[in-house]
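The block underneath contains the structure these notes are about, expressed in structure tokens.
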Amino acid sequence: MTKHVSFSAKKSFITSFFLFLLIVGFQNSSYATNRIFNDTIGFNEYRGSVIDSKTKKSLENATLLVNGTNISTITNKQGDFLLKVPKKFIERRVTISFLGYTSKVINLVDFDTKNTIIKLETYIEELSEVKINVKDATSLVLEALKKKGDNYYNDELKMTSFYRETIKKRRTYVSLSEAVVEIYKQPYTSGRSDILKIYKARKSTDYNKLDTVAFKLRGGPFNTLYLDVMKNTGMLFAEDMVDIYDFTFDNSTKIDNRLIYVVNFKQKKYINDPYFYGKLYIDAQTFALTNAKFYLNLENKQKASRFFIIKKPRRADVLPIQAYYQVEYREKEGKWYYGYSRVELGFKINWAKKWFNTIYYTTIEMAVTDWEKSDESQLPKPKDRLRHSVIMSDNTSGFKDPEFWGAYNVIEPDKPIESAIEKIQRQLIKN
């Protein structure tokens, strides 16, 4: 009989990393911060979009990295970007990359500060014929884990990142949070947990549109940081993963002009408990995991719901209808580091004695926009550290200031989010 962990044991293990992503009930916010001040560093802003050269399709989550620095940003769902660069780097070049496309390098002086259209071309080499240097997909994944100490940064890093959290009731935004977060990243071979500190934050929630339910997320930026599966390897790569998952090769691809092996994984057919399925993207030269995109199996929604729900009204049944996860790594001088992660969740609330249900969607994402090496002397004091149980503040005053983020790189808001922010600003002016 094949050995595998029980659902209750796996639930306890996974939630020790993810905490509980969702709170349904009547609870008050437990965290508040809102620091607004003028940044004095001179910088230039560059706006534009990244698209497919042939189809003109927008490329979401394309990376723009200022060469010779650790400054970066990513595109939003419409492929739009905003890149802020200190004026001292005006002569630098920018590398634009996206999975499956040939990277492009552009001089900053050639950017249009208002709207630069960057066209990327798909990598046309037939990659499905590439010879794979390992005997099977499972061996490749095990080799990636074995080489973690060689492939990822084992220095302490201080990362500046941008975090966004949204909640929609069907198609309407009812909550929006944003923050500049300092990540004190611990070495990948260390068992020490990463430390977070909020630098700036703002949030608005319209509880009038949430019916009688206070739909809240607990954990905030921690939920995205825990998706660094090479730091938190137990999330996907538990010791018994070979007993849980089947690994198979897919067609290879490219990123940053590097050959990438693609591995599909899904839980074995005889396992009924909910586990993950998706794709792993592994660098062919170094065997470093560069990307992972995966879903939680929701065939048994009742079991899957136990991963998320802390509290709910007695008269409501809350079931997950979507659970998608994504993490991306970036490379510098032969070492990889956490760069971006995203979680998309959907929940259906069935109310007793009501004809209609309520559907909520939440998206959280965090992108590293700059980083530097650090040491223990730079760690924030315990009282200044973000708690793992954080619920982002309901404070809305930050939306009054159009220059709130100053010189910090942020993810450009999608058009529906821009519309929600405009409504928030109008409400504040009216009040």
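Taken together, the values in this text are just the output of simple stated rules run on the coordinates, not laboratory data. As the structure is a computational prediction, the values presented were derived from the model and not from experiment. Methodologically, a virtual Cβ is constructed for each residue, glycine included, from the backbone with ideal geometry; neighbour enumeration extends over all protein chains shown.
Normalising the Debye intensity of region 132-273 to I(0), with uniform scatterers on Cα atoms only, and taking log10 at q = 0.10, 0.21, 0.22 Å⁻¹ returns -0.55, -1.21, -1.25.
Our estimate of slack between ASN251 and THR55, defined as 0.36 nm per intervening residue step minus the Cα-Cα distance, is 68.4 nm. Between ALA352 and LYS373, the simple spin-label model (points 7 angstrom out along Cα→Cβ) gives 6.1 nm. The HN-Hα couplings worked out from phi for region 76-82 by the Karplus form 6.51 cos²θ - 1.76 cosθ + 1.60 (θ = phi - 60°) are 8, 4, 8, x, 7, 9, 10 Hz, whole numbers, x standing for Gly and Pro. The Cα-based radius of gyration and maximum Cα-Cα distance (Dmax) for region 309-418 are 19.3, 61 Å.
For region 234-320, applying the loop criterion from DSSP together with a ceiling of 12 other beta carbons within 10 Å to the chymotrypsin sites (Phe, Trp or Tyr not before Pro) yields TYR270. With distances taken between every two different alpha-carbon atoms, region 242-369 has a Kirkwood hydrodynamic radius of 16.9 Å.
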